[in-house]
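Have a look at the structure below before the remarks.
The values are calculated or read from the model by the stated rules, or taken from the named source; none is laboratory data. Remember, predicted model here, so these are calculated numbers, not experimental data. In this analysis, Cβ positions are derived from the backbone assuming ideal geometry, glycine residues included, and neighbour counts consider all displayed protein chains.
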Amino acid sequence: MRKVISYTLIFVLVLSFGTLGLTYAGSATQNQLDDVNGQLSDVKNQLKQGKKLENSLNKEIQALEGKINASQAEINALGGNIAATQNKIQEALAQLDELEKNMDVQNTNLNGRLRSMYKNGSVGFVDVLLGSTSVTDLMTNMDRVQRIYDNDKQVMEQLQEQHKIIDNQKKNLLQLQSNLVAAQTEEAEKKAALNEDKSVVADKKAEVASDNKALAEMEKSFLAEANRLKAEILAAQSTGTTYLGGIMAWPAPGVTKITSPFGYRIHPILKVKKLHTGVDIGAPSGTTIVAANGGTVIKAGWNNSYGNMVMIDHGGGIVTLYAHNSSLLVKNGDVVSRGQAISKSGSTGQSTGPHLHFEVRVNGDYKDPLGWISK
């Protein structure tokens, strides 16, 4: 009986320790699982933060370039105002010079009369009365004296009026000069702020270029915008027309280096297959860009991805696109001829360095520009 009880107790103890061991093992595994899940969560958070950072960086660049574009428009407007004010100043100076010349002539005439009166003595009523031989002669002489006095009075009134006009013209001139100085000061301040913003953008673009994730996001954003433009092109281009332009002209005269070809290619930095919707021509900033053929400008303005861009409708469903310009020389609706200057190259929009991105679209679809243009 004792043996049975002993065996029973041993069995219960073994069973108890076994259960305890399993519980302990299960707890350890759970802890490891929790640690892995925690690490996974940290990685996900890091990826999320990294994504936020790259999106934030690209959005910051877009916002700054939008600000730069607005500032450039303000500076252009100020430049127009300054030029107009300078023209007004030149006109005011010319008018003032003419007024002073007229006044000098009148002063000379009046001074001559006064000298004559001083030398010959004043001609008064008694002189006329004593010097007249008849009533008729008296009336004639009186009429002459009256006309002399009236003329002198008119000359004096004209001189007074001229003095007023000259004074007002001088005040106007001073105001114009004050406006000019104020506009020039404001222009200088805006240019300084503009250059500072451009410097910040250049730094941030360099940061994007060295950050593969940010660069991939930029490429993705650019392609999305390129696809979206198809509908805009179809809505804006002419219909029922024929393309008669033949082979197009090279859009960046003097610069022939292609830094990125058209089509799917292995991205030089990201090392993945990417679609490039046009050709990139390595034009230094400020290079004159020309229309590849004659046509009508259907878009000339800002785009977050393409930067300062121009689109020209050549008829027959064919549109050329010129992107990343530093400045534009045409506006919507302008009719341009083959080889006409339309912009200056730059690095605006989704771009990490100065170049011309050139596209040829047929009914909105991408075509290899090298099949349409000649160097």
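Within the range 306-327, how many residues are within 12 Å of T296 (Cα to Cα), of a type in the set (S, T, Y) and not in a strand (DSSP E or B)?
Residues that pass the stated criteria total 0.
Are any of the residues in the range 359-369 buried (at least 17 other Cβ atoms within 10 Å of the Cβ) and closer than 16 Å to V255 by Cα?
Yes: one or more hits.
Just the residues that are out of contact with any Asp or Glu (no Cβ under 6 Å at 6 or more places or on another chain) and at negative phi, please, taken from the range 354-369.
Hits for the range 354-369 are P354, L356, F358, E359, V360, R361, V362, D365, Y366, K367, D368, P369.
Of (1) surrounded by fewer than 21 Cβ atoms within 10 Å (Cβ to Cβ); (2) in a loop (DSSP other than H, G, I, E, B), A292 satisfies all except one. Which?
So A292 meets the others, but not (1).
Against the conditions (1) of a type in the set (A, V, I, L, M, F, W, C); (2) closer than 22 Å to I75 by Cα; (3) without any contact (Cβ under 8 Å) to a residue 60 or more places away in the chain, where does W302 fall short? Just the number, please.
Result: W302 passes all but (3).
Being without any contact (Cβ under 8 Å) to a residue 60 or more places away in the chain, within 11 Å of G294 (Cα to Cα) and buried (at least 22 other Cβ atoms within 10 Å of the Cβ) is the filter here; which residues of the range 307-335 pass it?
I312
Within 30 Å of V105 (Cβ to Cβ) and at pLDDT 75 or above, is that true of N172?
yes
Which residue, of Q160, Q177, Q184, is modelled with pLDDT under 75 and either not acidic (D, E) or not in a helix (DSSP H, G or I) (or both)?
Just a single option satisfies the conditions, and that option is Q160.
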